[in-house]
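The values are calculated or read from the model by the stated rules, or taken from the named source; none is laboratory data. Just so it is clear, the model here is predicted, and its values are computed rather than measured. Here the Cβ is made from the backbone with ideal geometry for all residues, glycine too, and neighbour counts use every protein chain on show.
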């Protein structure tokens, strides 16, 4: 595969910091981005759209000097990289979904996780105890404290955004985790089916935030996807 970089896209409620332990193990240059509404891209989270997020991905790749790159999306970031590849298919060398939500065309991520659209007037927030149920599997207390320190509300418009389709001829790898509570193995199989037939499936022994608890193993999985 010809690629000059990797763009890492975080999932719901997180920031680019979640990828810190992964970047140094990747075989090609990489950039982890903050989606709008957090970190280096402050914005009113209630108004952030899928298009805004894809624009941020494309701009980050441009700033990094990447002409053809791999998109890696975790959790809700799966929606962002899918739309990114649809918009600029000639620049995306591959997609890597990590415990990611991959709605079928015409569907959205909210329907997968909550059974309905999220209210658009106010982003859902969560208590730390509830967040731990989904995110903290396999973490030390120090690791969780660092994740929670960066925890932010999420855009309801991003959750509600409906995908229109998938790019043709873009290799796809899906990395699922056996102890993932957010996207458990059975749901991951559904996401893989939604992604189409050209999907390589890798399984890691970790929870939802595998980039925090098993960064080397995840980096190796991404490197294998790059080598396809």
Among (1) assigned to a loop (DSSP other than H, G, I, E, B); (2) more than 15 Å from the chain's Cα centre (by Cα); (3) in contact (Cβ under 8 Å) with a residue 40 or more places away in the chain, residue 21 falls short only on (1)
(Q) Quick check on region 189-196. Is at least one of its residues over 28 Å from residue 48 (Cβ atoms), buried (at least 21 other Cβ atoms within 10 Å of the Cβ), touching a helix residue (DSSP H, G or I) at 6+ places or on another chain (Cβ under 8 Å) and touching a residue at least 12 places away in the same chain (Cβ under 8 Å)? (A) no
Practice task
Check whether at least one residue in region 43-63 is surrounded by fewer than 20 Cβ atoms within 10 Å (Cβ to Cβ), free of Cβ contacts under 8 Å to residues at least 24 places away in the same chain and either in contact with a helix residue (DSSP H, G or I) (Cβ under 7 Å, 6 or more places away or on another chain) or part of a loop (DSSP other than H, G, I, E, B) (or both), and report yes or no.
Solution key: yes
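Looking only at residues in region 24-39 that are surrounded by fewer than 24 Cβ atoms within 10 Å (Cβ to Cβ) and assigned to a strand (DSSP E or B), which one is nearest to the chain's Cα centre (by Cα)? Can you show your working first?
Keep residues of region 24-39 that are surrounded by fewer than 24 Cβ atoms within 10 Å (Cβ to Cβ), which gives 24-32, 34, 36-39.
After this cut, where a residue has to be assigned to a strand (DSSP E or B) as well, the list is 30-32, 38.
Numbers: 30: 15, 31: 13, 32: 11, 38: 15 Å.
Filtering region 24-39 for residues that are surrounded by fewer than 24 Cβ atoms within 10 Å (Cβ to Cβ) and assigned to a strand (DSSP E or B), the one nearest to the chain's Cα centre (by Cα) comes out as 32.
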Apart from one, (1) at pLDDT 95 or above; (2) touching a helix residue (DSSP H, G or I) at 6+ places or on another chain (Cβ under 8 Å); (3) closer than 25 Å to residue 30 by Cα all hold for residue 154; the odd one out is (1)
Only one of 76, 101, 71 is crowded, with 21+ Cβ neighbours inside 10 Å, touching a helix residue (DSSP H, G or I) at 6+ places or on another chain (Cβ under 9 Å) and more than 21 Å from residue 185 (Cβ to Cβ), namely 71
Okay, helices (runs of 4 or more DSSP H) sitting entirely in region 145-226 with 2 or more residues that are under 13 Å from residue 74 (Cβ atoms), I get 185-195, 210-213
Of the residues in region 90-111 that are assigned to a helix (DSSP H, G or I) and at pLDDT 95 or above, the one that is nearest to residue 210 (Cα to Cα) is 109
The condition from (1) under 18 Å from residue 199 (Cα atoms); (2) out of contact with any strand residue (DSSP E or B) (no Cβ under 9 Å at 6 or more places or on another chain) that residue 94 misses is numbered (2)
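Output the residues belonging to region 64-89 that are outside any strand (DSSP E or B) and within 8 Å of the chain's Cα centre (by Cα). Please lay out each step first, then the result.
First pass over region 64-89, keeping only residues outside any strand (DSSP E or B): 64-68, 75-89.
Passing the criteria: 75, 76, 77, 78, 79, 80, 81.
Go through region 123-144 and report how many residues are outside any loop (DSSP other than H, G, I, E, B) and either within 18 Å of residue 206 (Cα to Cα) or touching a strand residue (DSSP E or B) at 6+ places or on another chain (Cβ under 7 Å) (or both).
Initial filter on region 123-144 (outside any loop (DSSP other than H, G, I, E, B)): 128-135, 141-144.
When the remaining residues are screened for being either within 18 Å of residue 206 (Cα to Cα) or touching a strand residue (DSSP E or B) at 6+ places or on another chain (Cβ under 7 Å) (or both), the result is 131-135, 141-144.
So the answer is 9.
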